[in-house]
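**Student:** Quick one: the structure is below, questions incoming.
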Amino acid sequence: MAWALKLPLADEVIESGLVQDFDASLSGIGQELGAGAYSMSDVLALPIFKQEESNLPPESDNKILPFQYVLCAATSPAVKLHDETLTYLNQGQSYEIRMLDNRKMEELPEINGKMVKSIIRVVFHDRRLQYTEHQQLEGWRWNRPGDRILDLDIPMSVGVVDPRANPTQLNTVEFLWDPSTRTSVFIQVHCISTEFTMRKHGGEKGVPFRIQIDTFKENEAGEYTEHLHSASCQVKVFKPKGADRKQKTDREKMEKRAPQEKEKYQPSYETTILTECSPWPEITYVNNSPSPGFNSSQNSFPVIEGNGSPTLQPEPVAQLADNLLPTATPQEAQQWLHRNRFSPFCRLFSNFSGADLLKLTREDVIQICGPADGIRLFNALKGRVVRPRLTIYVCQESQQTREQHQKHENGDGSSNTFFVYHAIYLEELTAVELTEKLAQLFSISPSQISQIFKQGPTGIHVLVSDEMIQNFQDEMCFVLDTMKAETNDGYHIILK
């Protein structure tokens with residue numbers, strides 16, 4: 001049964017107007033979507049597309065750059081669509097970077113037939129680490145003496161002229177090249193991403209790096225200072241073969257995702273194109289502080305006496321306990337933090353003098369640095385030394401000491417002569433450790449000590465073993481006698 005709704009006169013008028021407006025709005029649809037009038041720019045101007053449009057690169061980003069650098073390493077497939085690409089590298093492996101000339105015919109004619117200079121850097125991607133780059137690199141230098149963060153593989157490189165690596169800039173290499181000729185440079189990165197993580201408990205994610213290339217042309221004075229182009233890419237560096245395993249893991253994870261999820265991620269590309277960026281600021285760091293713990297001078301061997309025994313050298317000046325003094329300036333406090341492996345916290349304490357650090361309580365340090373590093377830093381600030389497991393005192397026997405000992409044994413205590421003993425601290429309580437400590441005392445190589453004996457009852461010589469050392473009483477005193485070994489150029493040491 002149909003119901004008829006009767007409207008009042010005023011309502012009928014309103015309804016009639018609405019119908020006319022609706023008919024008018026429909027009348028233009030066919031014309032707007034006709035083949036001749038359809039415009040994609042009009043569609044993109046709709047508000048629904050405004051947000052997506054903001055993510056698109058501006059027109060200036062689509063310009064053809066004068067140079068292009070291509071790193072021959074695959075990008076990760078586990079990177080979302082609008083994120084920057086990420087490339088995994090193996091530590092120490094040579095990777096090719098192709099230096100391509102993209103100039104148009106009339107572009108930059110002043111470099112035609114001339115060389116340009118490119119500087120390649122490995123820098124931190126994380127802004128927090130960029131602020132402390134100098135401290136981070138200095139800490140790495142002291143932990144890896146003689147190594148570089150970035151090297152050129154010159155035999156494999158093509159078209160590279162006058163390659164240079166500044167010894168004070170471990171993360172930088174530079175070279176000249178001719179854009180009109182084929183140029184490929186092979187680089188090796190020797191640091192891994194997990195070396196710069198603040199907490200090292202195993203399984204932590206490594207920090208990303210950036211490989212950046214800045215290219216310059218000659219100025220009127222013949223110096224390569226006029227900037228032409230800069231580009232960079234994001235990388236992570238793993239131990240050998242680690243990058244291949246990580247790439248395989250990412251690929252397998254993506255294969256397990258649903259098709260709708262896969263559409264949110266970039267495909268993996270065989271090569272990595274470095275994208276344009278701002279030039280890296282040139283900052284010169286002066287390193288006046290020596291690297292602690294490394295001494296290039298070789299130990300000098302002692303003068304041999306007439307009986308063929310090495311003489312006990314004056315005890316070398318032991319490394320003084322590296323205690324932080326209240327009078328230390330902020331710069332000296334920074335160096336102390338580096339030497340004691342607190343580099344990640346240098347930026348936090350950049351304005352702290354020695355007195356400022358020493359005023360911190362245990363709770364303050366733990367709150368700033370976390371429990372593990374906080375306790376370690378607090379103990380280092382207070383100069384707490386771990387007591388050795390065993391201490392023994394030794395004195396080298398000579399004709400004079402032999403006579404004095406004989407007088408003491410005969411009850412003649414009238415002599416005021418005293419004997420100088422040297423303390424030896426043992427932690428492992430092994431014969432090998434005792435050999436090394438005695439060799440250090442004699443300033444000879446441990447390989448020159450053949451055997452260590454202890455004089456027993458009736459003058460017998462008992463071979464010193466680990467078990468014997470473990471049964472030594474603390475603070476025992478020994479007189480050392482040495483004799484030439486019969487089978488080699490070494491010495492036997494006798495503890496009396």
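**Student:** Could you give me the percent of Cα pairs per 5 Å distance bin for the range 67-276, shortest bin first, beginning at zero and ending with the bin that holds the maximum distance?
**Tutor:** Reading upward from the zero bin: 1, 7, 14, 18, 18, 15, 12, 8, 5, 2, 1, 0, 0.
**Student:** Using the structure shown, select from 80/246; 104/217; 205/382; 80/205 the pairs with a Cα to Cα distance greater than 27 angstrom.
**Tutor:** Details: 80/246 17 Å; 104/217 17 Å; 205/382 33 Å; 80/205 18 Å.
Result: 205/382 exceed 27 Å.
**Student:** Over the range 330-382, with the other protein chains present, what is the accessible area per residue in square angstrom, probe 1.4 angstrom?
**Tutor:** Working: 2670 Å² over 53 residues.
Per residue, the range 330-382 has 50 Å² of solvent-accessible surface.
**Student:** Another question, if that's okay. When the accessible area of the range 67-276 is computed with all protein chains present and a 1.4 Å probe, what percentage of it is carbon and sulfur?
**Tutor:** Numbers: 5270 of 10700 Å².
Solvent-exposed carbon and sulfur of the range 67-276 make up 49 percent of the total.
**Student:** Using a probe radius of 1.4 Å on heavy atoms only, what accessible surface per residue do you get for the range 129-208? Whole Å² is fine.
**Tutor:** Numbers: 3730 Å² over 80 residues.
Here the per-residue accessible area is 47 Å².
**Student:** When each pair of different Cα atoms in the range 101-188 is counted once in the 1/r mean, what is the Kirkwood radius in angstroms, to one decimal? Please list the in-between numbers first.
**Tutor:** Working: mean 1/r = 0.0667 Å⁻¹.
Answer for the range 101-188: a Kirkwood hydrodynamic radius of 15.0 Å.
**Student:** Binning at 10 Å from 0, report for the range 330-382 what percent of all alpha-carbon pair distances ends up in each bin.
**Tutor:** Spelled out per bin, shortest first, that is 27, 67, 7.
**Student:** May I ask you to give the percent of accessible area on the range 330-382 that is carbon plus sulfur, with a probe radius of 1.4 Å?
**Tutor:** 50
The values are calculated or read from the model by the stated rules, or taken from the named source; none is laboratory data. All of these numbers come straight from a predicted model, not from anything done at the bench. The area values use the complete protein model at the heavy-atom level, side chains included, leaving out ligands, DNA and RNA. Shrake-Rupley method; radii C 1.70, N 1.55, O 1.52, S 1.80 Å.
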